[in-house]
Amino acid sequence: MKRRRGTGPDPGCLRAWTAETRALVDGWRAARCSGHGGAAAREARQHRGGFEELLLRMRGLPAALPTLPLELTVLYNSLLFAVGSSGSAIEGEAEGIRQGLLRVLEACGTCGQDLSTEELWQKVLQEVTAEELQAPLQRLGALQVAWWLAATHLGSTARLLRLLTHPEDPGRARCSEGENELLSLLKAWQVPAEGASLPLLQSTQDLKEILCTAAAFLQGLQELEAGNFPTALSLLQEAAGGFCSKRVLAQIYTCLGCCAQRMGKPQTALQHLKRALQVDFQCLPALSHVAAVYHELGETNVELQALALLYEALQKTPPTSASSSPHFLIQTELLVHTPVLASLLRHHHLSEVKYLLAQRCLQDGRVADAVEHYLDFLALLQEGLQQQVPLDGSSALPRIPEVFLEAASALAQAGWYQDAITMCEEVISRTTDLIPRILQVEERLEQPECPSPGAGLSQRKESLQCLAWRAAGYLHQGWAWAKLSESKEAITQFSRECLEDAVSRCMCLSVPGNLLPEVEVLQKVRLLALIGRGMQFLELGKHKEALLDFQHGLQISPGDPAAASYLVQALWKLNRKQEAATHWQKLCQSPSGEDRQQEGQGRSCPLYLVSCLKQATFPHSESLTRSLQEYLGTRTATPDSLP
């Protein structure tokens, strides 16, 4: 390309600009070594302003070849400050690179205003051959690579790297089979050394090392999100061996742990996660993932220890971003900030961790600990849930009525029956007004015109959930009164309207598939209520009423072992021994064990109903079996007890 004729500024002015550039760089280096916190930030803003002012003065003159190397160096330093002070690679700063390229073309007597940024780079690198511009353009190219990496424009990044490596023939830049193309191009790129005459805030070689780490980290996260775990593991391991701060290294090891966990290698996952904590003990997401891995392994003791440590750490120091090293203005953490990384590194809030402690203790039968944690969690709720958890749906917390019902279950199991009744009353009072008097659940053949059908379905789902929570509240109250030997009060709660009318209306409807979970919970609640009420009738000697409840229960859930066993007992007490024996023989022959296994593989029962399921288990199987065997006059090969 022909150079534009022009003398540019006089040599004295050029020397003054060079001296000013050196003074700004030296001043920043001195401030970087001595400044801390806000003082360092103020120094950065001042020096950024100095570079921007100098750049404006240089651009006030027509572009000329003698001044372009210095101008591009000042631009490079100014953009470094812009990124370092803003904490991200932003679009406005990328426009500064474009203006620098246009100044190069202007100095060469041509233009490129109508070209895209990628086309502009191709034109400049292939047509501008001035030797003194090659190093400044390579440095500016490093910044462009950083911007495109931050924006995950990997294709544009690779094409630019080919041009930077072989501007005369980009097709020559090839990688070996099996190698990652982007990493191969970055490693093969020969960046210019820092010259003594043009000082830099951050050397291009250091920036290249950071770009290599960021490229490996970013692509590893993409492969992890896509489910290509072996490739993700390889790229993340490459990133872990790269140039980065301890904070980023801990994040990489955390991602390696998550990748290994998804590959079904929990022990390897634990090694990576522990390594993350060794590198940066403030990497609390790694600790939460450790707890998740131990949960997967079924090692409850260690899982609870990890959660307790996480809770203690969150109490001492709220999760904040660790300060980055001041030695580099562009760092890996500024270039890698994808949604998948934010998800993997999401900090749990105090209330979430406290809930997980309560939930795990309840699931493991540690009732006393569960009660303590649930009460602590409810205390955190009073401090304001909005301040405790994010509102983007990523929280580990279930809906609040479910937490109350779980707490009621824990209280009842601990023998705090009145407190459990009070807890359930809170759920009942808060959900009653949210349930419509007529709940239409089935799919109609002729749908009326509706501006937002999805909203209608969501509203029905919400109403069903409220109905299920209220029904479960009555159910827990019934069991609590039963434990207090208040049979009449227990029968009243088991017989509440929501367990009879509203729930029964849902049983015979044609239910859309996405509403089935809520309806199944309602069915389970009503079954347990019928069994519970039947048990109370048996204790009161009302065997006929008990028999009707167990029969209704079997209509809701045919073959249910508990309902069938109680039915046999009721028939036996009514002296209908032949009927009892017939039902008992059918029960012994039914594949109830397989049924239960299939049920366990399906939708899991809500945690707040597990204790009710245990209470509904038939306790007199052995004695009833002996009586029936004696009645039949045989002890042939039958199970030792009822299922």
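Quick look at the numbers
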item	result
Members of the range 102-117 that are of a type outside the set (S, T, Y), under 45 Å from the mean Cα position of the chain (by Cα) and surrounded by 16 or more Cβ atoms within 10 Å (Cβ to Cβ)	L102, G112, L115
Leading residue by the ranking (nearest to L345 (Cα to Cα)) among those in the range 289-299 that are open to solvent by 30 Å² or more (accessible area, probe 1.4 Å) and in contact (Cβ under 8 Å) with a residue 12 or more places away in the chain	H289
Filtered residue count, the range 83-101, keeping only those that are more than 30 Å from P11 (Cβ to Cβ) and either at pLDDT below 80 or surrounded by 21 or more Cβ atoms within 10 Å (Cβ to Cβ) (or both)	12
Positions within the range 118-137 being in contact (Cβ under 8 Å) with a residue 60 or more places away in the chain, part of a helix (DSSP H, G or I) and crowded, with 19+ Cβ neighbours inside 10 Å, in sequence order	L133, A135, P136, L137
Of all residues making up the range 538-591, the number that are under 52 Å from the mean Cα position of the chain (by Cα) and either assigned to a helix (DSSP H, G or I) or within 30 Å of V519 (Cβ to Cβ) (or both)	37
Within the range 235-270, tally of residues that are part of a helix (DSSP H, G or I) and without any contact (Cβ under 8 Å) to a residue 12 or more places away in the chain	2
Selection count, the range 593-633, where residues are at pLDDT below 70 and open to solvent by less than 50 Å² (accessible area, probe 1.4 Å)	2
Residues satisfying the stated conditions in the range 149-162, i.e. open to solvent by 20 Å² or more (accessible area, probe 1.4 Å) and either touching a Gly at 6+ places or on another chain (Cβ under 9 Å) or among the charged types (D, E, K, R) (or both)	R159, R162
Of residues in the range 215-254 being open to solvent by less than 10 Å² (accessible area, probe 1.4 Å) and over 21 Å from the mean Cα position of the chain (by Cα), the one farthest from L186 (Cα to Cα)	A239
Qualifying residue in the range 352-364 (condition: modelled with pLDDT of 90 or more and either open to solvent by 50 Å² or more (accessible area, probe 1.4 Å) or touching a Cys at 6+ places or on another chain (Cβ under 7 Å) (or both))	yes
Scan of the range 417-458 for residues that are modelled with pLDDT under 80, farther than 18 Å from E520 by Cα and in contact with a Pro (Cβ under 9 Å, 6 or more places away or on another chain), ordered by number	Q447
Residues located in the range 177-214, provided they are modelled with pLDDT under 90 and open to solvent by less than 20 Å² (accessible area, probe 1.4 Å)	P199, L200, L201, Q202
Among (1) at pLDDT 80 or above; (2) surrounded by fewer than 19 Cβ atoms within 10 Å (Cβ to Cβ); (3) not in a helix (DSSP H, G or I), the one test that A63 misses	(2)
Hey, Q113 modelled with pLDDT of 90 or more and closer than 26 Å to V83 by Cβ or not	no
Residue among G257, G264 that is small (G, A, S), open to solvent by 30 Å² or more (accessible area, probe 1.4 Å) and modelled with pLDDT of 95 or more	G264
Residue tally, condition of a type outside the set (A, V, I, L, M) and surrounded by fewer than 17 Cβ atoms within 10 Å (Cβ to Cβ), over the range 546-576	7
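The values are calculated or read from the model by the stated rules, or taken from the named source; none is laboratory data. Note that the structure is predicted; figures quoted are calculated from it, not measured. So basically every Cβ, Gly included, is an ideal-geometry build from the backbone, and we count neighbours across all protein chains shown. Surface areas here come from the heavy atoms of the whole protein model, side chains and all, with no ligands, DNA or RNA. Shrake-Rupley method; radii C 1.70, N 1.55, O 1.52, S 1.80 Å.
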